Every structure is written in structure tokens, then in C-alpha cells.
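K.L.:
Got a structure for you, questions after.
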């Protein structure tokens, strides 16, 4: 009986301490919710996609996780809603910047949405509306999401190159996609030396 009392006292103290910690740090945590389809005016997709592009580029320069998460979430909802309500845009309808905004919104969304809309990205690349490099980056991210080795060596996890399929031939695959060597990519962007082993 005494052991039970001690256990419940410790448990109560622990719950109280966690509650106080969460309350005191509530501004550092953000839950932005699910990515939902929202109302968009298809006649304004140029303006919406311009705003998505500018927002995505701006928040990547900030060190503000709350603003980052909220704006990313909003951008993802706008991009997905445009695809769902207006159809996947093409370069016949919008500019390259607008197509890049679509890609950025999907690249930075959840695993589920990235996978769902990847066929539209593949089609856009096939039609010349998006680049082969954009395809490679998203393909690698989807493979990483699934716990599989990446193909093009674009993804970093915990400060290291994420596992890579056939590292000895990665530069051949990268060249096919219009990408520079993996050595230059890793050194320039992440200060990582490539080790094929």
C-alpha cells in the first residue's frame, strides 16, 4: 500500500512538472493541423502561386519555427487546393515561378501528400513544366520517407547523407537529371565530404 502511495505521488509530481513546462513553453510549440482543401479562386491562381513562392523563399531565411510551420502549412493547403479545384497547372497557363511554387508546396508537405501528388509532378516533368532536378529531389525525399535508399543523393538526415543506392554510380544518375556532382553538392550546401563507402 505504501509503495502504491509513493508511486502515485511521483506520478502526480511528474505530470505537474510536465504540465508546468508545457505551459511555460507553449509559444515554442505549434500544431498547425491537417492539410485540408480550402476555397481558392481559380481565376487568381497566378496571384496565389506568386504569394506561395515568395512566402516559401522568405520563411526559409528566417529562424522562427512557429511562423515557418504556419506559413508552410498555409502554402501547402493553397497548392493542394489549386491542384484539386483547378487542376494541375502547366506552363501554358502559368509562369515557371508559379510551377516552382507548386513543386515547393508539395516538396515541403507531409509524406502522404507528397506521395499522392507525385504522379502530377512526374507528368509535369515529362511535359517540361518542371525540371528533372525537381523530380530527383522529390523522388529521393519520397524514398527517404519510405525508409528506402535514395537514388540521386539529394537528402540529408541528422547532418549526414541519407543512405544511397549504388553510391559508386550516383554521379551518372545525377548527370542524367541535370545535377552537378554529389561531391560538389555536399561540400557546397552541407560542408560534408562524400564517402562512397
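The values are calculated or read from the model by the stated rules, or taken from the named source; none is laboratory data. What you see is a predicted model, and the numbers here were worked out from it, not measured in a lab. Here the Cβ positions follow ideal geometry from the backbone for every residue, glycine too, while neighbour counts run over all protein chains shown.
K.L.:
Does region 95-112 contain at least one residue that is over 18 Å from residue 35 (Cα atoms) and not in a helix (DSSP H, G or I)?
P.N.:
Within region 95-112, one or more residues are over 18 Å from residue 35 (Cα atoms) and not in a helix (DSSP H, G or I).
K.L.:
Can you confirm whether region 65-77 contains a residue that is under 16 Å from residue 123 (Cβ atoms) and buried (at least 22 other Cβ atoms within 10 Å of the Cβ)?
P.N.:
no
K.L.:
Related question: Working only within region 1-43, note down all residues that are at pLDDT 75 or above and either assigned to a loop (DSSP other than H, G, I, E, B) or surrounded by 12 or more Cβ atoms within 10 Å (Cβ to Cβ) (or both).
P.N.:
34, 35, 36, 37, 38, 39, 40, 41, 42, listed by residue number.
K.L.:
Also, quick follow-up: Does residue 137 satisfy the criteria of being assigned by TED's automatic domain parsing to the domain that holds residue 52, under 26 Å from residue 53 (Cβ atoms) and modelled with pLDDT of 95 or more?
P.N.:
For residue 137, the condition - assigned by TED's automatic domain parsing to the domain that holds residue 52, under 26 Å from residue 53 (Cβ atoms) and modelled with pLDDT of 95 or more - is not met.
K.L.:
Name the single residue, out of those in region 184-194 being in contact (Cβ under 8 Å) with a residue 12 or more places away in the chain and surrounded by fewer than 17 Cβ atoms within 10 Å (Cβ to Cβ), that is nearest to residue 134 (Cα to Cα).
P.N.:
Per the criteria, the residue is 190.
K.L.:
May I pose another question? Taking region 162-180 as the search range and keeping residues that are in a loop (DSSP other than H, G, I, E, B) and in contact (Cβ under 8 Å) with a residue 24 or more places away in the chain, which one is farthest from residue 150 (Cα to Cα)?
P.N.:
So, considering only residues that are in a loop (DSSP other than H, G, I, E, B) and in contact (Cβ under 8 Å) with a residue 24 or more places away in the chain, the one farthest from residue 150 (Cα to Cα) is 178.
K.L.:
Collect the residues in region 149-161 that are touching a strand residue (DSSP E or B) at 6+ places or on another chain (Cβ under 7 Å) and either touching a residue at least 24 places away in the same chain (Cβ under 8 Å) or crowded, with 16+ Cβ neighbours inside 10 Å (or both), keeping them in residue-number order.
P.N.:
150, 153
K.L.:
Return yes when residue 85 is more than 14 Å from the chain's Cα centre (by Cα), within 22 Å of residue 53 (Cα to Cα) and modelled with pLDDT under 95 and no when it is not.
P.N.:
no
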